[in-house]
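First up is the structure itself, then whatever we jot down about it.
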Amino acid sequence: MRNRLLRFATYVAVGVVTGFIVAAVAVLTEKVLLERVLHLPPWQRMIAPALGLWGAVIMLRWADAGRRLAPSTSEEYIRSFHDRNHPMRFRDLPARLVAGIVTVGSGGAVGLEGPSIYAGATAGNAMQRVVRRLFRGREGYALLVAGAAAGVSAIFQAPATGVLFALEAPYKSDLGRRALLPALLSSASSYVVYVLVTGFDDRPFEIGTEMVSVQFGRQELLGAAVVGALCGLAASAFCRVLAMAKRIHASDRPWWMIALGAGGILVGLAALCEVLFDAPLSLGPTAEGQLTDWALNPEASLWLLGALLVIRILATSTVLAGGGVGGVFIPLAVFGLIVGRLVGGWIELGPESLAFFPFIGVAAFLAAGYRTPLAAVMFVAESTGAPLFVVPALVAVAVSQVLIGNASVSQFQRDSRTGHLERRLEMPVNSAMSTEVPTVNADAPLADFVWGVALPRKQLEAIVIGPEREFLGVIRLSDTRDVDRNDWMSVTCGEVMTADITPARPSWTLREVTEAMADAEIELYPVIDSGGRIAGIVTENAIVKLVDFLNETQGDR
């Protein structure tokens with residue numbers, strides 16, 4: 001009972017720490033930097049995103065004694081969730097947070113949710129090491145999830161969204177397990193701390209009171225399905241654009257050349273917004289609400305809305321290609337807002353549809369891009385304060401999930417949670433390979449195999465090799481039954497061996513070896529090197545022992 005209470009206290013502590021960190025980041029970014037940038041003269045705010053991008057890139061490049069840090073933030077949480085060999089190091093946190101503040105605060109078209117998730121997950125991971133004795137085996141990663149939930153909860157002032165996002169984000173079509181209660185406690189405490197420290201109590205999206213009385217009929221639900229379809233297709237396209245941006249950043253081109261090109265594009269996009277909209281709509285997550293106000297304006301033309309969608313997609317992708325630090329949660333929501341507004345302008349169900357469909361689009365685009373349908377619907381309900389959006393949002397989200405296919409903005413998401421055995425069988429073949437190989441030469445008589453290998457070692461099978469130790473086949477004790485014992489000295493192993501076996505390569509997985517072993521009906525399977533020479537063997541017993549060992553030392557997520 002005492003340990004249980006201590007664990008609960010630890011979950012709350014992670015939320016409190018995360019709430020303070022996110023509050024500091026939000027105030028510095030939004031109130032100190034971004035607010036000033038947006039009120040600068042047009043020519044100064046046009047170059048601000050480029051300067052911020054350069055600042056972030058330079059900071060990450062020399063942040064850790066010359067070791068270059070990747071700009072990823074929320075991706076680090078998903079990767080660490082699945083890979084225990086990739087921990088989130090607390091010493092990397094200050095550099096990434098400052099780089100995120102500089103990127104977003106100077107007008108980068110990304111969100112603070114990335115640094116917030118990273119801060120929470122890193123705090124949770126660090127806390128787990130401090131109180132290691134309370135969290136062993138399967139419970140160890142719960143603090144990681146709790147921290148991520150706290151980060152989302154604080155930055156969006158949406159506790160339920162934080163819980164659902166942290167549980168959904170690691171998988172495309174599944175949920176993390178054994179972390180619901182930690183995420184709930186951490187998310188709630190983080191939200192309370194954030195609001196008390198900052199005094200911010202505004203929802204990310206505000207809607208008029210007339211929306212509360214909107215009635216949903218056949219046309220509205222059909223329109224929600226149309227919004228979901230368009231958001232699913234658009235999200236699929238954005239995932240490809242984002243993947244291209246990440247490849248550009250990871251390419252072998254000089255870093256300064258990439259940053260220079262990205263900075264130039266950001267300046268051009270900012271200048272284009274000044275011409276088209278007379279407002280800095282390409283800057284920041286939402287240009288401090290100016291983007292939302294403009295998109296929901298009934299007088300806004302549809303072609304300008306389409307241009308704004310393209311500009312925002314390019315701005316977000318360019319920031320990430322150049323090495324800026326930030327999340328894509330809010331950018332996805334903004335894309336959905338614009339797509340929904342376009343549909344509202346086409347269908348023309350009345351003035352309410354211009355506000356109704358955009359928020360349905362937020363849920364659909366966010367759910368499609370991050371593969372988090374529950375978190376997306378909850379985000380719309382919490383951020384607007386209008387739970388009546390839930391039903392049509394579910395319709396739009398369901399359609400978008402069908403059309404998005406297998407795409408995702410995260411490269412580290414897995415399709416679904418797998419069991420112990422399934423996960424072990426995806427391990428490389430060398431994890432269960434033995435280099436002690438029972439071998440016989442192809443020209444050796446059967447007697448050498450029977451009396452020299454099979455009986456002394458109680459080994460029913462052996463690998464047949466050639467003069468250069470190249471693999472030729474497998475011989476089994478049962479193969480000798482068809483040969484008269486008097487002929488064992490005259491018949492060679494190569495004459496009775498089974499030769500139609502494709503040996504395993506080091507790139508094979510245990511699953512592939514297991515299937516091949518069953519097809520060949522043998523209990524050991526050969527592994528060869530690049531030259532075709534025998535490198536080792538895998539046995540059924542070795543696979544079973546490996547699985548048993550890992551099941552004792554690692555938990556299921």
Worksheet item: Which angle between 0 and 90 degrees, to the nearest 10, do you get for helix 353-370 versus the longest principal axis of the chain when only C-alpha atoms count?
Response: 20
Worksheet item: So for the pair Leu40, Arg485, with labels modelled 7 Å out along Cα→Cβ, what separation do we get in nm?
Response: 9.4
Fill in: In degrees, nearest ten, helix 142-156 long axis to first principal axis of the chain (Cα)
20
Worksheet item: Once both labels are modelled 7 Å past Cα along the beta-carbon direction, what's the Gln411-Ala9 spacing in nm?
Response: 4.3
Discussion item. Just to check I understand the Karplus step: with θ = phi - 60° and J = 6.51 cos²θ - 1.76 cosθ + 1.60, what whole-Hz values come out for the range 5-17, glycine and proline as x?
Written reply: 5, 5, 5, 4, 4, 5, 4, 5, 4, 4, x, 5, 4
Worksheet item: Mind checking the dipole of the range 420-553: about its Cα centre, +1 per Lys or Arg Cβ, -1 per Asp or Glu Cβ, Debye to the nearest 20?
Response: 380
Worksheet item: How would you order 257-268, 505-516 from highest to lowest mean count of nearby Cβ atoms within 10 Å?
Response: 257-268, 505-516
Worksheet item: For Val197 and Ser434, what does the FRET efficiency come to when R0 = 60 Å and r is the distance between their Cβ atoms, rounded to the nearest 0.05?
Response: 0.55
Worksheet item: Non-local amide H neighbours of Thr498 (under 5 Å, H modeled in plane, Pro and chain starts lacking H): which ones?
Response: Val474, Ile475, Arg476
Discussion item. Using the Cα centre of the chain as the reference point, and only Cβ charges (+1 on K/R, -1 on D/E), how large is the resulting charge dipole? Debye, rounded to the nearest 20.
Written reply: 1760
Fill in: Options Asn430, Ala499, Ile528, ranked by Cα towards positive dipole end of the range 420-553, top entry (Cβ charges)
Asn430
Discussion item. Suppose R0 equals 35 Å. What FRET efficiency, 1/(1 + (r/R0)^6) with r the Cβ-Cβ distance, do Leu272 and Ser251 give to the nearest 0.05?
Written reply: 0.85
Response to the item:
Within the range 420-553, the percent of DSSP beta bridges that are antiparallel, given to the nearest 5, stands at 80
Worksheet entry | Gain in span if fully extended, His86 to Ala518, counting 0.36 nm per residue against the direct Cα distance | 152.1 nm
Response to the item:
Of the candidates Asn486, Val102, Thr286, the farthest towards the positive dipole end of the chain (Lys/Arg Cβ +1, Asp/Glu Cβ -1, centred on the Cα centre) is Val102
Fill in: Radius 13 Å from Cβ of Asn441, net charge of other residues (Lys, Arg +1; Asp, Glu -1)
-4
Worksheet item: Against the longest principal axis of the chain, how steep is helix 93-105, in degrees 0 to 90 to the nearest 10, with axes from Cα atoms?
Response: 40
Worksheet item: Where q = 0.07, 0.11 Å⁻¹, what log10 of I(q)/I(0) comes from the Debye formula for the chain, counting one point per Cα?
Response: -0.51, -0.94
Discussion item. Projecting each Cα onto the charge dipole of the chain (Lys/Arg +1, Asp/Glu -1 at the beta carbon, about the Cα centre), which of Leu477, Thr384, Pro41 comes out farthest on the positive side?
Written reply: Pro41
Discussion item. I'd like to compare 5-13, 330-338, 112-120: which one has the highest average count of other Cβ atoms within 10 Å, and what's the full order after that?
Written reply: 112-120, 330-338, 5-13
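No value in this document is a laboratory result; all are computed from the given coordinates. Please read these numbers as outputs of a predicted model, since none were measured by experiment. We place every Cβ from the backbone using ideal geometry, glycine too, and count neighbours over all the protein chains shown.
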